[in-house]
Every structure is written in structure tokens, then in C-alpha cells.
Amino acid sequence: MKASDICVGDWFKAVDYNSPFRITAIYDDVVQTQANYQSEIDGNWYSEAYIKDLVPIELTEDILVKNGFKKESQTIDGDYCKYTLPGFALNWCDTDGFWYQNGDITPNHVHTLQHLLLLCGIEKKIEL
């Protein structure tokens, strides 16, 4: 991952910290985190993380529902669903994960959904 792949406000975890945090600033190879965190590896406290150590957060139905997405349709066996916000629809299939429109974009991570909403002109602050 590169600095150009992330935005201020994105949610991530770090290789040495399993709780989610928001990015508040981006530098060449380091990001500032919203709050100090204690490394699970060395026990020290940090307010920054190397970009190479960021871990994407898997997008789940729980995250969508918590953020106001409505489940609009579902097949009988539950292998396909559609989640919507006003002016936006996201599809899910148990074999392919999430996709937007014709499958061109697959936002299977929270930060990718954040970017997609922003690109669609939808101002939605995602909460975890």
C-alpha cells in the first residue's frame, strides 16, 4: 500500500494493534492515528504507524447496517443481497463478496467503501 492509496479519515488496523483507528494525517511512509495505541508486540505507545504496517478492515454486513445501509433484497438461500443508502446500492454474493454496479469495483474493505462513497458524492462518515 502507498500513501496515495489512503485518505485522512480512513479506518485501518495495524500489524501490532488489532483495534481499528482512523487516520488523521498522511506523510511519505507514516500515518498519524486518531489516538495513541499500545503495541501488542512491544508494549510501547504510538501515535503513528508505518503505511506498510496498515491492515485493511474487512467490510461486513454488521458494519453496513450500523451505518444506515438497508438490506433491500435477498435470494431465498441468502447467497445474494443488495444493501442501499439513498442514491447508492452495494451488492453482495457469498462467493464474490461485495461489488458496486457491474462488479467493476469490489469494496471488500472499509476504507475502499469510504473512497467509493466519496467518489459518488455521498458524504457519509463510516463508524465502526
Under a Cβ-Cβ cut-off of 12 Å, what is the net charge of the residues other than H115 that fall near it, where Lys and Arg count +1 and Asp and Glu count -1? -1
Spin-label point model (7 Å from Cα, Cβ direction): what's the D5 to V30 distance in nm? 2.1 nm
Hey, quick one: spin label on K66, modelled 7 Å out along Cα-Cβ, who in region 96-128 has an amide N within reach, i.e. under 14 Å? 110-111, 125-128
Neighbourhood net charge (12 Å Cβ-Cβ; Lys/Arg +1, Asp/Glu -1) for G87: 0
Output wanted: per-residue J couplings in Hz (rounded whole) for region 83-88, from phi through Karplus 6.51 cos²θ - 1.76 cosθ + 1.60, θ = phi - 60°, x for Gly and Pro. 10, 10, 10, x, x, 8
Applied in sequence order to region 46-58, the curve 6.51 cos²θ - 1.76 cosθ + 1.60 (Karplus, θ = phi - 60°) yields integer Hz couplings, x standing for Gly and Pro, of 9, 10, 9, 9, 5, 4, 5, 9, 6, 10, x, 9, 4
Two-site FRET efficiency, F88 against D42, from Cβ-Cβ distance with R₀ of 41 Å, rounded to 0.05: 0.50
May I ask you to list the lysines whose Cα is less than 18 Å away from that of K70, ignoring any residue fewer than eight positions away on the same chain? K82, K124, K125
Classified through the alpha carbon gyration tensor (a ≥ b ≥ c as square roots of its eigenvalues; rounded if a/c is under 1.5, else prolate when a/b is larger than b/c, else oblate), the chain comes out prolate
For the chain, take the longest principal axis of its alpha carbons; what is the angle in degrees between that and the long axis of helix 110-119, to the nearest 10 within 0 to 90? 70 degrees
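Taken together, the values in this text are just the output of simple stated rules run on the coordinates, not laboratory data. If you're wondering where the values come from, they're calculated on a predicted model, not measured in any experiment. When we count neighbours, we look across all protein chains shown, and the Cβ atoms used for this are built from the backbone with ideal geometry, even at glycine.
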